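Comments concern the structure below.
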Amino acid sequence: MTIRIYSTLTRTKADFRPLVEGKVGIYVCGPTVYDSAHLGHARSAITFDVVRRYLTYRGFEVRLVRNLTDVDDKIIQRAHKEGSEWRKIAERYAAEYSRDMGDLGLLPPTVEPRATDHVADMQALIAVLIERGAAYAVNGDVFFAVAAFPAYGRLSGQEVSQVRAGSRIDVDERKRAPEDFALWKSAKPGEPSWPSPWGNGRPGWHIECSAMAARHLGVPFDIHGGGSDLVFPHHENEIAQSEAATGSTFARIWMHNGMIRVDQEKMSKSLGNFSTIHELLGVHDAETIRAFLLGQHYRSPVDFSMMALEESRRALARAYSTLARVDRGDWGRRPGGAGRAGADATAASSDWLEVERTFQAAMDDDFNTARAIGVLFEAVRSINRLADVSSEADSGGCVRAREGRELVAKLGGQVLGVLQGDAQAWLERDRDRRSAQMGLDVTWVEEQLLARAQARSERRWADADAIRSTLARRGVVLEDRPGATTVWGIADAEPDAPTKDA
RNA sequence: GGUACGGUACCCAAGUGGUUAAGGGAGCGGUCUGCAAAACCGUUAUUCACCGGUUCGAAUCCGGUCCGUACCUCCA
């Protein structure tokens, strides 16, 4: 089975054949480091983290390049506003981004190039463009001449005439045509600048990606990724610059992730409706955020809400409790559960080889993580069924359940970055976090548990139940396990009722 | 105005020509349990915004209508 990938360039899925057998080069547009990263940045990064992980799982040697734009108008503005130095701003937010991505469980990119380390590469590229007549210098600025690149607009489906009709284009007398864009900006007082053949200045935004991709992957390369809001003009301009300069294809496949929406609007800095990654990680586990994002296809817009995140948390908690159950060898408590039909279903769905094949088929189809997660949840149910009907720890059913547990952890962990690590520890962290959020006195809960255990051992059921109700009113739910042990957890909030915080 | 993408159950969501329309959340009924919880079983879309058309066959293709979102030089 071959992997099929949707390319924005062709608007269709096609079989993936890398340029070099067994190897894949990917370039993803990273952030401009002028402020904290929000969920939208996380989505893009996680999308391509999973692309990379899956291709690696399928045996490819992946080289992932994700840049940092560390010189830009917004960085300079921010520095002026804070009375700071632009390099310090860039440094601060680059470090924060790196920390956030690590916290979200992203594998570090193979290379994380910075624009300021590639100014010479950009200048060389600009020089070639001027030499070829695709760019022109005017008083220290250099512009790309869109007219010199007839294929301009192919990626976004825009026509130059229509672009020109757009009212948002800056009128700039120095440009030959309104759609031309800056490759090099002449230095202004108080702004960072580098010497160049056209005078002191700094690079335009688009040229950095062309230069860094060429430097770290060579041209052409396999996959270029980024948010769908970058299709026009950023990626369109990258193509124009790179292909006008080299005469060759730039990126073979263009992948774009969809935007995050809040109340039917795009989450963005300018609208102010964003949640930073750091804030979200204060409320939810990284894997919950990953599961939420990966629960829908990467190209679709996703509507963000705290309720939706909470649903993902519950789903993940269910999977984790199954893994933990297998780990502690909790077998055969409800032999009647599955029934005849259930037993057949179990046999069919606990064919782990088949499960892995189905998972692969989902991921092969343009990285359909939503379907892949569905496969994992079906496996979780099978594991529970097996555990329900099997009792001897060395019986076939228990062995199969353990194998299933390993498979779920392997696929989830290696490919999606969820369900990795110790299941019991995840559940405990989840409980601790939620009890803290509710302001629950854990010591008091433990005392109640002891009192109830005493009552139960004396068969004072009414007293035991009274304690259960008292705890329930505080949102604590009890689970009596085999033996004399009782574990406690936090009850799920009513779906429609807002969470009480008083 | 131009360019794309989308509208599937109570909610989220996968499915883009053909067996019972994934999965998750929520609800309800049941098994199990001292009572519970968890888990499991069953159940909640004869139907995929609406109207036409193509086809032996359509959620899926085509045309139209309505609604939503994004992009059109700040954006992941």
Straight-line reach from A:Lys23: which aspartates and glutamates have a Cα under 12 Å away, not including same-chain ones fewer than 8 places off?
A:Glu61, A:Asp222
Using the Kirkwood radius over Cα pairs, work out the Stokes-Einstein diffusion coefficient for the range A:177-317 at 10 °C and 1.306 mPa s, in µm²/s as a whole number.
87 µm²/s
Kirkwood Rh in Å, taken over chain A so that all alpha-carbon pairs contribute:
25.8 Å
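For chain A, which DSSP H helices look membrane-span-like by this rule: Cα extent along the axis of 24 Å or more and mean Kyte-Doolittle of at least 0.0? Before the final figure, lay out each step's value.
On the way: long enough: A:39-57 (26 Å, 0.08); A:86-103 (25 Å, -1.35); A:306-327 (31 Å, -0.17); A:369-389 (30 Å, 0.63).
Result, helices passing both filters: A:39-57, A:369-389.
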Cα centroid of the range A:358-419 to Cα centroid of the range A:76-154, whole Å
43 Å
Where only alpha carbons of the range A:146-254 are counted, the Rg and the Dmax (Å):
14.7, 41
Could you give the accessible area per residue of the range A:84-186, probe 1.4 Å, as a whole number in Å²?
52 Å²
Roll a 1.4 Å probe over the protein heavy atoms and report the accessible area of A:Glu406 in Å², nearest 10.
110 Å²
When DSSP beta bridges are limited to those with both residues in chain A, what percentage is antiparallel, rounded to the nearest 5?
55 percent
Would you compute, for the Cα atoms of the range A:23-69, the largest minus smallest coordinate along each principal axis and list the three values in descending order, in whole Å?
36, 18, 8
Determine the calculated [θ] at 222 nm for chain A from helices alone, applying -39500 (n - 2.57) to every DSSP H run no shorter than 4 residues and normalising by the residue count; nearest 500 deg cm²/dmol.
-15000 deg cm²/dmol
Considering every pair of different Cα atoms, what Kirkwood radius, in Å, is found for the range A:4-279?
19.5 Å
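Give, rounded to the nearest 20 debye, the magnitude of the charge dipole that the range A:439-490 has about its Cα centre when Lys and Arg contribute +1 at Cβ and Asp and Glu contribute -1 at Cβ.
I would put it at about 140 debye.
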Cross-link list A:Lys269/A:Lys410; A:Lys175/A:Lys269; A:Lys13/A:Lys269; A:Lys88/A:Lys269; A:Lys74/A:Lys175: which exceed 26 angstrom alpha carbon to alpha carbon?
A:Lys269/A:Lys410; A:Lys175/A:Lys269; A:Lys13/A:Lys269
Once normalised by the length of the range A:300-424, the mean sequence separation of its alpha carbon contacts under 8 Å that are 6 or more apart gives a contact order in percent of 32 percent
Run the Debye formula on the Cα coordinates of the range A:439-490, all scatterers equal and no solvent, and tell me log10 I(q)/I(0) at q = 0.21, 0.25 1/Å.
-0.70, -0.98
To the nearest 10 square angstrom, how much accessible area does A:Thr8 have with a 1.4 angstrom probe?
10 Å²
Mean separation of Cα contacts under 8 Å (6+ apart) over length of the range A:179-336, as relative contact order %
16 percent
When the Cα centres of the range A:27-63 and the range A:235-261 are compared, how far apart do they sit, in Å?
16 Å
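Rg to Rh for the range A:300-424: what is it, with Cα atoms only and Rh by Kirkwood?
0.99
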Could you report the accessible area of A:Tyr298 in Å², rounded to 10, computed with a 1.4 Å probe on the protein chains as they sit in the structure?
20 Å²
Largest to smallest accessible area among A:Ile467, A:Ile75, A:Ile130 [probe 1.4 Å]
A:Ile130, A:Ile467, A:Ile75
Over the Cα atoms of the range A:105-200, compute the convex hull volume and normalise it per residue, giving Å³.
181 Å³
Quick query: amide H of A:Gly225 versus all other amide H atoms, modeled in the peptide plane; which residues come in under 5 Å with a sequence gap of 5 or more or a different chain?
A:Tyr27, A:Val28, A:Cys29, A:Met255
Note the per residue figure in Å³ for the convex hull of the C-alpha positions in the range A:54-130.
126 Å³
For the range A:89-161, what is one quarter of the convex hull surface built on the Cα atoms, given in nm²?
8.2 nm²
Output the relative contact order of the range A:439-490, whole-number percent, from Cα pairs under 8 angstrom with separation of 6+ residues.
25 percent
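The values are calculated or read from the model by the stated rules, or taken from the named source; none is laboratory data. Remember, predicted model here, so these are calculated numbers, not experimental data. Please note: Cβ atoms are built from the backbone with ideal geometry, for glycine as well, and neighbour counts cover all protein chains shown. Just so you know, the surface numbers come from the protein's heavy atoms only, side chains and all, with ligands and any DNA or RNA stripped out. Shrake-Rupley method; radii C 1.70, N 1.55, O 1.52, S 1.80 Å.
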